[in-house]
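We did not get these values from a lab; they are worked out from the coordinates using the rules stated. Quick caveat: nothing in here was measured; it's all calculated off a predicted structure. A quick note on method: Cβ atoms are made from the backbone with ideal geometry, for glycine too, and the neighbour counts reach across all protein chains shown.
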Amino acid sequence: YFKVKGNFDDQGIEFYTPWTGAKKEDWNNLVSAKFNASMYWYTLSFKSGKKVRLSSYLHGHGEVLELLKTRGFDL
């Protein structure tokens, strides 16, 4: 996707899109992670109410999913 970018580590995620702006969230505040098959993205919902929509087409999304699985999320 054009101009969509992000970084993550074992503490949290930083994500930017031109549509929703910048978001920075801690994994400890992650409430849910769900796959949307029609849009082919994962919606990560946080306690703050913010959502990160992580496209399956983005490079590196698999590493984020692996990290979430180690934190107990069933994806």
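At a glance:
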item: Residue, surrounded by the fewest Cβ atoms within 10 Å (Cβ to Cβ), within segment 11-39, restricted to residues that are outside any loop (DSSP other than H, G, I, E, B) and aromatic (F, W, Y); result: F35
item: Flag if F46 is aromatic (F, W, Y), surrounded by 15 or more Cβ atoms within 10 Å (Cβ to Cβ) and touching a helix residue (DSSP H, G or I) at 6+ places or on another chain (Cβ under 7 Å); result: yes
